[in-house]
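Where a number appears in this text, it was derived from the coordinates with a stated rule and is not lab data. Keep in mind the model is a prediction, meaning the values are calculated, not measured. Here the Cβ positions follow ideal geometry from the backbone for every residue, glycine too, while neighbour counts run over all protein chains shown.
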Amino acid sequence: MTASVHTAPSPLLARHGAVEGEGPDAGVAAHYGDPVREQRLLEEGLGVVDLSHRGVVTVSGPDRLSWLHSMTTQELTGLAPRTSRESLVLSPKGHVEHALHVVDDGTTTWLGVEPGTAPALVAWLESMRFMLRVEVADVSAEWAVLGEPMGSESADGEPLAWVDPWPGLVGDTVAYGPVEGHPATGRAWRELLVPRDGLEAAVGDRPLAGTWAAEALRVAAWRPRLGLETDHRTIPHEVDWLRTAVHLHKGCYRGQETIARVHNLGRPPRRLVFLHLDGSGHVLPAVGSPVLLGEREVGRLTSVARHHEDGPVALAVVKRSVPEDAEFLVDGIAAAQTVVVTG
């Protein structure tokens with residue numbers, strides 16, 4: 001993935017200490033001089049992350065929710081205003097093509113997507129309009145995204161057993177739980193849509209955290225990211241998206257046959273694992289590095305970060321047949337796995 005052709009580098013890169021990110025996070029700050037402190041600020045609910053490199057797509061018209069419901073993996077009919085969902089667009093064979101952060105404001109459905117993916121999503125949606133009353137637009141040039149943590153309580157003060165920390169939240173939280181023992185428990189996250197020309201004003205004097213800090217918390221929460229944990233063969237079962245982005249009892253949609261078949265058989269070809277890396281060295285393994293079991297390659301490293309409490313951590317996708325107690329080597333670094341996807 002590359003930064004969206006519709007968005008220029010963030011004006012927040014002019015802030016003191018800002019160091020621009022690379023790869024899919026180019027165009028926004030990787031950190032502002034102290035990524036460890038920035039992680040702590042996020043966990044304390046004080047910091048905000050510049051995610052203005054993400055794409056933003058709108059779908060308007062009276063048929064918008066039923067139309068999106070019919071084509072994606074999530075239950076979207078009757079979605080209440082300011083309530084969000086995480087959803088996926090699959091290929092006919094069930095491979096993940098797009099990851100959507102969905103929220104409806106009562107008249108328009110907003111889709112937050114990975115950097116650089118909005119044009120392809122809009123082109124596909126336009127090809128599927130037929131005679132329905134919907135309008136699709138890429139508004140990435142006009143709207144920007146900010147990410148911020150929330151408390152472990154809902155808007156009405158009731159505690160949430162588990163709130164998915166990465167589902168694209170605008171003004172509300174989405175409870176998927178309880179999911180006992182999941183590290184995302186209590187780590188609510190939301191994404192705020194703000195006019196791009198008002199991005200600096202929206203941040204104000206709040207402490208800024210970079211994508212390194214946000215990515216460290218994402219990895220620690222076992223949450224997949226399109227283009228990192230996924231490739232052209234990925235199905236949702238492999239990367240733990242069944243829990244948050246797939247409704248298993250809704251009607252037909254593209255790719256549903258694969259969802260049902262693999263869910264019923266319980267045998268995805270690969271599985272996501274969380275890795276604790278040996279922290280005695282000072283170098284992190286590179287994303288994409290082979291994951292070795294002995295001398296045999298059994299997967300690849302998909303995300304890596306330094307967590308302020310857990311040290312070097314990573315996500316990897318490995319073959320389903322690998323024993324769940326196996327220990328790996330990645331770039332010569334020992335790695336102990338925690339199983340994320342079972343079966």
Relative to the Cα centre, what is the charge dipole magnitude of the chain, using +1 at the beta carbon of each Lys and Arg, -1 at the beta carbon of each Asp and Glu, and rounding to the nearest 20 debye?
1040 debye
In vacuum, with every alpha carbon of the stretch 182-273 counted as one equal point scatterer, what does the Debye formula give for log10 I(q)/I(0) at q = 0.15, 0.16, 0.19, 0.22 Å⁻¹? Two decimals, please.
-0.78, -0.85, -1.02, -1.18
Residues T342, T230, sorted so that the one with the fewest Cβ neighbours within 10 Å comes first
T342, T230
In the chain, if the dipole is taken from +1 on Lys/Arg beta carbons and -1 on Asp/Glu beta carbons about the Cα centre, which of G147, V89, G210 is farthest to the positive end?
V89
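Which FRET efficiency value, to the nearest 0.05, is calculated for S91 and A201 with the Förster distance at 30 angstrom and r the Cβ-Cβ distance? It would help to have the intermediate numbers written out before the result.
Values: r = 41 Å, r/R0 = 1.35.
It comes out at approximately 0.15.
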Checked against the positive end of the charge dipole of the chain (+1 on Cβ of Lys and Arg, -1 on Cβ of Asp and Glu, about the Cα centre), the farthest of T117, V19, P269 is P269
Under 13 Å from the Cβ of H308, count the other residues' Cβ atoms, weight Lys and Arg +1, Asp and Glu -1, and hand me the total.
-4
Net charge over other residues, Cβ less than 15 angstrom from the Cβ of P268 (K, R count +1; D, E count -1):
+3
Select from the stretch 34-95 those GluC sites (Glu not before Pro) which occupy a DSSP coil region and have at most 12 other Cβ atoms within 10 Å, ordered by residue number.
E44
Helix-only CD estimate at 222 nm, as mean residue ellipticity for the chain, using -39500 (n - 2.57) per DSSP H run (n ≥ 4)
-4000 deg cm²/dmol
Dipole size in debye (nearest 20) for the stretch 1-119 around its Cα centre, Lys and Arg Cβ +1, Asp and Glu Cβ -1?
180 debye
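I need to check one value: relative contact order of the stretch 269-343, counting alpha carbon pairs closer than 8 Å and at least 6 residues apart, in percent. Intermediate values should be presented prior to the final figure.
Details: 165 pairs, mean separation 31.6, N = 75.
Taking the mean separation of contacting Cα pairs over the length of the stretch 269-343, I get 42 percent.
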Need the full-extension length gain, A120 to D63, defined as separation in residues times 0.36 nm minus the C-alpha distance. One decimal, nm.
18.4 nm
Using +1 at the C-beta of Lys and Arg and -1 at the C-beta of Asp and Glu, which of V36, G61, T77 has the Cα lying farthest in the positive direction of the dipole of the stretch 1-86?
G61
Lys and Arg at +1, Asp and Glu at -1: add these up for the other residues within a Cβ distance under 13 Å of V330 and post the number.
-3
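Once you have the Kirkwood Rh of the chain from its Cα pairs, apply Stokes-Einstein at 10 °C and 1.306 mPa s and quote D in µm²/s.
Details: Rh = 20.5 Å.
Using the Kirkwood radius from Cα pairs, D works out to 78 µm²/s.
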Where does each of 95-101, 260-266 land if you order them by average Cβ count within 10 Å, highest first?
95-101, 260-266
Please list the non-local residues whose amide H lies under 5 Å from the amide H of R54, H modeled 1.01 Å from N, same-chain partners needing a gap of 5 or more.
V145
So how far apart, in nm, are the two label points at E297 and M128 if each is 7 Å from Cα heading toward Cβ?
3.4 nm
Using a basic spin-label model with each label point 7 Å from the Cα along Cα→Cβ, how many nm lie between A80 and V19?
4.4 nm
Can you tell me the convex hull volume per residue for the stretch 269-343, based on C-alpha atoms, in Å³ to the nearest whole number?
81 Å³
